[in-house]
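Enquirer: Structure incoming, see below.
The values are calculated or read from the model by the stated rules, or taken from the named source; none is laboratory data. Source: prediction; values computed, not measured. Every residue, glycine among them, receives a Cβ derived from its backbone with ideal geometry; neighbour counts consider all protein chains shown. What goes into the accessible areas is simple: the full protein's heavy atoms, side chains included, and nothing from ligands, DNA or RNA. Shrake-Rupley method; radii C 1.70, N 1.55, O 1.52, S 1.80 Å.
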Amino acid sequence: MNRIIDISLLSLAGGYLLLIFPLAIMLYLRVGILKETSVAVLRMTVQLLFVGLYLQVVFKLNNPFLNLAWVAAMILVADLSILKGCRLKLKPFLLPMFIALVVGTVLPMIFFAGIILRLPGWFEAQYVIPLAGMILGNCLRADIIGLNHFYQSIHKNEKSYHQALAYGAALTEAVNPFFRDALRSAIAPTIASMATIGLVSLPGMMTGVILAGADPFTAIKYQIAIMIAIFSGTAVTVFLAIRLTVANSFNAFGILHPDILRDQ
């Protein structure tokens, strides 16, 4: 079995030279996002170095409760990021969104670890944290798309929505067309990714397993399993995110609260 080639800190520092090309393009075209890009690269570096050092301790201890606490922290950060990205106020949406993310992340993660891999310990750090990260990252993107599409569509089509209510439609009936469109928009990128995977790109799970020394066919089986988990988690999370937040978004007459969105 091939061994993993470590990257020295000096070699990693040399990798930053690759940033010369995109930064030069930004300067040449005067794009105006040089500061934001520099901050993003710096934040990425600091955050990943911190997480890498912390995960070394987590992996060494391999305590199920500590592993789950880390996953919970990841979900909370994703929760806040989604609400910020959708400009939704925290108080009415924080808990419903957290519940949706927990179900959409933990359910496929347990299936992957317990049923597919058949691990004796479902919450081993080596598996639970990377799996949760991959599933949660995709759920975050899908939730931002889905929630934005749902609430913005209702806001832009107030007349047709209010007309449905005036004709006697219940809240769930009136929002269903917007619900369907939002779900379709949210999961469309994942469907497109599944349809072209392997032909257009070699995805992260497969690449990581191959770099770890496994044969390509084993890597493919891992990739198929994680894509199913990601798609399932994405669909469940978006469905629950919209369904659970609807209760806090409309008044007793089915009218969308005007103050659910943060100020621009």
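Enquirer: Considering each residue of segment 8-39, count those that are charged (D, E, K, R) and assigned to a helix (DSSP H, G or I), and give that number.
Expert: The qualifying residues number 2.
Enquirer: So is Ile25 β-branched (Val, Ile, Thr), open to solvent by 70 Å² or more (accessible area, probe 1.4 Å) and either touching a residue at least 60 places away in the same chain (Cβ under 8 Å) or closer than 22 Å to Ile135 by Cα (or both) or not?
Expert: So Ile25 fails the test.
Enquirer: Could you list, in sequence order, all residues of segment 236-264 that are among the aliphatic types (A, V, I, L, M), more than 16 Å from Leu90 (Cα to Cα) and surrounded by fewer than 19 Cβ atoms within 10 Å (Cβ to Cβ)?
Expert: Val236, Ala252, Ile255, Leu256
Quick grid of which residues meet (1) free of Cβ contacts under 8 Å to residues at least 60 places away in the same chain; (2) touching a Ser or Thr at 6+ places or on another chain (Cβ under 8 Å); (3) not charged (D, E, K, R):
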| site | (1), (2), (3) |
| --- | --- |
| Asn176 | yes, no, yes |
| Ala186 | yes, yes, yes |
| Ala195 | yes, no, yes |
| Gly204 | no, no, yes |
| Thr207 | yes, no, yes |
| Asp215 | yes, no, no |
| Gln223 | yes, no, yes |
| Gly233 | no, yes, yes |
| Thr237 | no, yes, yes |
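Enquirer: If I ask for residues that are open to solvent by less than 70 Å² (accessible area, probe 1.4 Å) and at pLDDT 90 or above, which ones from segment 40-62 would you list?
Expert: Ala40, Val41, Thr45
Enquirer: Does segment 181-198 include one or more residues that are in contact with a Cys (Cβ under 7 Å, 6 or more places away or on another chain), buried (at least 17 other Cβ atoms within 10 Å of the Cβ), under 22 Å from Ala78 (Cα atoms) and hydroxyl-bearing (Ser, Thr, Tyr)?
Expert: no
Enquirer: Wholly within segment 115-227, which helices (runs of 4 or more DSSP H) include no fewer than the required count, namely at least 2 residues that are touching a Gly at 6+ places or on another chain (Cβ under 6 Å)?
Expert: 125-156, 171-196
Enquirer: If you don't mind, there's one more thing I want to ask. Going by the conditions given, is Tyr161 open to solvent by less than 30 Å² (accessible area, probe 1.4 Å), hydroxyl-bearing (Ser, Thr, Tyr) and over 20 Å from the mean Cα position of the chain (by Cα)?
Expert: Yes; evaluated as a whole, the condition is true for this residue.
Enquirer: Collect the residues in segment 5-19 that are open to solvent by 100 Å² or more (accessible area, probe 1.4 Å) and of a type in the set (A, V, I, L, M), keeping them in residue-number order.
Expert: Ile5, Ile7, Leu9, Leu10, Leu17, Leu18
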